[in-house]
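To keep things clear, I will list the structure first and then write my remarks on it.
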Amino acid sequence: MNENVEVSHFMRSLNVALGERSYPIYIGHHLLDASELLNRHIDSRHVLIVTNEIVAPLYLSMVQESLPGCSVATVVLPDGEIHKTMDTAMKVIDTLISLKMSRNTHIVALGGGVVGDLAGFVAACYQRGIPFIQIPTTLLAQVDSSVGGKTAVNHPLGKNMIGAFYQPKCVIADMTTLQTLPDREFSAGLAEVIKYGLIRDPDFFEWLELHIDDLLNQDLDKLGYAVERSCFNKAEVVASDERESGLRATLNLGHTFGHALETGMGYGEVLHGEAVAIGICLAADLSRRLGWLTDTDVARIVALLERARLPVTPPADLGVDDYLEHMSVDKKNVEGQLRFILLKKIGWATLPIAVDRNQLVETLATYGRS
């Protein structure tokens with residue numbers, strides 16, 4: 001790992017190796033104070049900052065002040081997954097057009113996963129593509145959604161059904177912003193951190209078992225290591241499979257179940273990371289039924305998620321038929337056949353596979369339900 005990580009006195013940087021689309025991820029504290037970091041990736045006088053009503057009062061002025069030579073416009077969106085829609089994206093596009101912003105305009109996404117996904121989607125679409133920069137302010141966005149170029153908005157019938165692969169110019173993960181993150185949001189991000197250990201990094205999973213309490217207490221050294229290692233895992237996978245034709249699909253462990261839960265419950269009722277945590281538990285249970293995971297393996301997975309203060313049982317509101325209906329529009333499906341990312345063991349995920357319907361129904365009907 002260390003051979004691909006550059007270290008300086010105030011930050012660490014990783015590279016997402018995608019040829020001419022390669023870009024750096026900067027990880028550290030007080031990076032928003034380092035104006036030269038952002039400016040080195042902006043070669044235009046025109047910038048549109050897309051943020052939301054929660055983040056704007058905290059960090060918008062700091063980013064604006066770091067761009068003294070630019071003409072800076074802003075769009076402040078309402079907060080929440082429920083607003084990750086085509087209508088909201090069109091409001092951002094309306095601003096770009098009304099201000100006569102050209103193809104060399106840079107979009108800066110300042111916020112969590114919703115802001116990053118939506119702003120990136122707009123950047124991919126406007127005038128067939130304009131540059132954008134990710135400044136993720138949540139743990140989930142820093143370790144997952146800001147890296148890899150997946151941009152999208154939701155459809156009422158399915159999450160992230162309208163989108164594009166479109167890489168940013170850089171990702172600036174200022175961990176100082178996590179200090180203002182509500183505890184529930186912080187825990188939601190830990191679901192994606194734990195996911196990396198489960199799909200490809202068993203040593204990291206064991207490290208998390210030892211240090212999850214340190215992360216919850218935001219120990220600076222431990223948190224920096226967890227963010228860096230998560231980004232390293234994501235960057236390696238994306239570099240080998242940018243458009244999710246194979247290995248990248250493993251990053252969706254728990255997401256087929258989780259997206260069905262989010263859609264069925266209504267966007268925003270359950271945080272994305274919470275839905276992924278429940279989905280990981282369902283995937284682990286199904287993996288056990290297939291003879292891959294042991295009871296001990298499943299217990300370890302559930303225990304770590306619980307210690308991260310994440311939900312591990314499905315809500316009673318959704319029945320088996322609800323899950324099956326919402327999973328039928330999952331992007332991993334082929335010719336109407338449901339496919340899942342499962343675990344051969346802790347640290348080894350499968351590619352998308354079809355499973356026996358009876359075993360799937362047993363998991364949905366019995367796991368976590370009295």
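What follows draws every value from the coordinates through simple rules; no lab data is involved. The structure presented is a predicted model; accordingly, all values stated were derived computationally and were not measured. Ideal geometry is used to build each Cβ from the backbone, glycine not excepted, and the neighbour counts take in all protein chains shown.
Full extension of the chain between Phe165 and Thr366 yields a length gain of 68.7 nm, computed as 0.36 nm times the residue separation minus the alpha carbon distance. Put simply, segment 120-247 fits an ellipsoid with semi-axes of 27, 17, 14 Å; these come from the alpha carbon gyration tensor as the roots of five times its eigenvalues, largest first. With a simple spin-label model that places each label point 7 Å from the Cα along the Cα-to-Cβ direction, the separation between Asp87 and Asp241 comes to 3.7 nm. Once divided by 2.2 N^0.38 Å, the Cα radius of gyration of segment 183-366 becomes 0.97. For Leu293, the residues whose amide H sits under 5 Å from its own are Arg288, ignoring neighbours fewer than 5 places away on the same chain, with H placed 1.01 Å from N. When the GluC sites (Glu not before Pro) in segment 214-306 are filtered for DSSP coil states and for at most 14 other beta-carbon atoms within 10 Å of their beta-carbon, no site remains. For the chain, the 222 nm mean residue ellipticity estimated from helices alone, with every DSSP H stretch of n ≥ 4 adding -39500 (n - 2.57) and the total spread over all residues, rounds to -12500 deg cm²/dmol.
Mind listing the long-range amide H neighbours of Leu18? Cut-off is under 5 Å, sequence gap 5 or more, other chains count too, H placed in the peptide plane at 1.01 Å from N. Distant-sequence amide H within range of Leu18: Tyr23. Could you tell me which of rounded, prolate or oblate describes the chain, using a ≥ b ≥ c as the square roots of the eigenvalues of the alpha-carbon gyration tensor, with rounded for a/c under 1.5 and, failing that, prolate when a/b is larger than b/c and oblate otherwise? Verdict is prolate for the chain. Between the helical axis of 220-240 and the dominant principal axis of the chain, each derived from Cα atoms, what acute angle in degrees is found, rounded to the nearest 10? So the helix axis and the longest Cα principal axis differ by about 80 degrees. Looking at segment 2-180, what % of the alpha carbon pairs are farther apart than 28 Å? Value for segment 2-180 (Cα pairs over 28 Å): 16 percent.
Across segment 284-299, rounded Karplus estimates of 3J(HN,Hα) from the backbone phi angles (6.51 cos²θ - 1.76 cosθ + 1.60, θ = phi - 60°) give 5, 4, 5, 5, 5, 5, 7, x, 8, 8, 8, 4, 5, 4, 4, 4 Hz, Gly and Pro being marked x. Residues whose amide H comes within less than 5 Å of that of Asn52, counting only those at least five positions distant or on another chain, are Leu77 (H built at 1.01 Å from N in the peptide plane). Couplings 3J(HN,Hα) for segment 133-150, derived from phi with the Karplus relation 6.51 cos²θ - 1.76 cosθ + 1.60 (θ = phi - 60°), are 10, 9, 10, x, 10, 10, 5, 4, 5, 5, 9, 9, 5, 7, 10, x, x, 7 Hz, where x marks Gly and Pro. Compared with the alpha-carbon gap, the fully stretched path from Arg21 to Asp321 is longer by 103.8 nm at 0.36 nm per residue.
Evaluating 6.51 cos²θ - 1.76 cosθ + 1.60 at θ = phi - 60° for every residue in segment 58-66, the Karplus couplings come out as 8, 10, 4, 5, 4, 6, 4, 5, 7 Hz, glycine and proline recorded as x. Between the C-alpha center of segment 153-199 and that of segment 338-370 there is a gap of 23 Å.
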